[in-house]
1. Compute the Rg/Rh shape ratio of the range 201-269: radius of gyration over Kirkwood radius, all on alpha-carbon atoms.
2. Sorted from fewest to most neighbouring beta carbons within 10 Å, what does the list Ser290, Ser225 look like?
3. Distance between the C-alpha centers of the range 149-165 and the range 49-108? Whole Å please.
4. What ranking do Phe335, Phe315 get, fewest neighbouring Cβ atoms within 10 angstrom at the top?
5. In whole Å, what are the extents of the range 56-294 along the principal axes defined by its C-alpha atoms, from largest to smallest?
6. Local charge sum around Pro130 (other residues, Cβ-Cβ under 10 Å, Lys/Arg +1, Asp/Glu -1)?
7. How many angstrom lie between the C-alpha centres of the range 257-302 and the range 335-401?
8. Along Cα→Cβ, 7 Å out, is where each label goes; now give me the distance between the ones at Glu38 and Arg67 in nm to one decimal.
Amino acid sequence: MSVKQTAGIRPARRTADITYAVRDIVGLAKEVAATGKEMLYLNIGDPNQFDFATPPHLIEAVEQAIRGNKNGYSPSSGIPAAVKAIEGMAARNGIKNIRDVFVTTGGSEAIEICLTALVEPGENVLVPYPGYPLYEAVLSKLEAQSNPYFLDEENAWQPDLEDMRAKIDAKTRAIVLINPNNPTGSVCSEETLRGVLQLARERDLVVFADEIYDKMLLSEGRHISIASLDPDAAVITFNGLAKGFLAPGWRIGWGVVSGGAGPLKDYIEAINKILRARLCASHPMQYAVSAALEGDQSFMAGVREKLRRRRDITFAMLNEGPISCVKPEGAFYGFAKLEIPGSDEDFVKALVRETGVVPVHGSGFGQRPGTKHMRVVFLPPEEILKKAYERMLEFASSYRA
């Protein structure tokens, strides 16, 4: 009996434009590693792959929950202790008019749920260029549009408010603000934040405030939660345990909805419909939230000091020859400008093949037309960073020649 040949299973068209440069480069890196070349990875922002460890009191809280049989489902929005701790942290950050708090499977699920509950096909959301590519991937899946606004490299990578204003149209629903920013390491000034809120108020837009790196400030000053500057603005503040509390693999994030009660009522109910349909985030892992937010945070000073030294090495070394880099003020990324022939993607792929150093091409995060960049993660120990940057600089000089 012959089997009829088919053309294969047709995937949904909504997946056609989904890319994720941070992990897409890994395939090439695996090929190069298989040849025996020493690999120096500067591509994925996972502190636990290097000399950073989850604080013991968080681990103990999860172990106690598991041993205490907290292994069934939790409430859809999260266990009461976690929700209370998150609300308390938001209040300490100056956020008022908190309307809802929910715990999710990482900050990425919170982002996806809130976009899904808000945006119709054909509508658009302002996303920063450069910015974290998850937002574009989710919008593509929703058959909505990412509407890029540029960060200004000449102004410490602050959002370009005039460019943002020019991009808003009748189908714009929200503004994404990543602060501190991935991939540039920039931190928004209060003036910038107030400018974003003014635009959002003028056009009745929701602000998606991605603040996952708020504990990782590397210079003087403080992090300002944008929601704290206007109690009536519709803001969803995203955060989690992944970065500041060194537990990315636990996949615990959250969202805090704040602003005027009337305008947000239906939107909050839509968010909760999705939360209920997907049941819950990991139950035992949620017990780390109150331990993190209400417990000892003294370990953060040591984390910031290590990152500060590695940031300084990055800034010093990646400002030579055809490479330049604005000094990162937060997180653990540098977004270095390249003066090279060809595309930054071709450069990065050649760099991986020839040297074993693995950054990510800047075009994977969005950038102004005509510019070329690469993102480096400065989490590795200092000696590894120095070796990687030395190889990078030598290769860049020969590549440009």
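No value in this document is a laboratory result; all are computed from the given coordinates. Keep in mind that this is a model prediction, so the values were computed, not measured. Cβ placement follows ideal geometry from the backbone for every residue including glycine, while neighbour counts extend to all protein chains displayed.
1. Numbers: Rg = 13.9 Å, Rh = 13.4 Å.
The Rg/Rh ratio comes out at 1.04.
2. The fewest-first ordering by Cβ neighbours comes to Ser290, Ser225.
3. If you average the Cα positions of each part, the centres end up 34 Å apart.
4. With the sparsest Cβ surroundings first, the list reads Phe315, Phe335.
5. On the principal axes, the range 56-294 reaches 55, 40, 30 Å in Cα extent.
6. Taking every Cβ under 10 Å from that of Pro130, the sum is +1.
7. Using only Cα atoms to place each centre, the spacing works out to 37 Å.
8. 4.3
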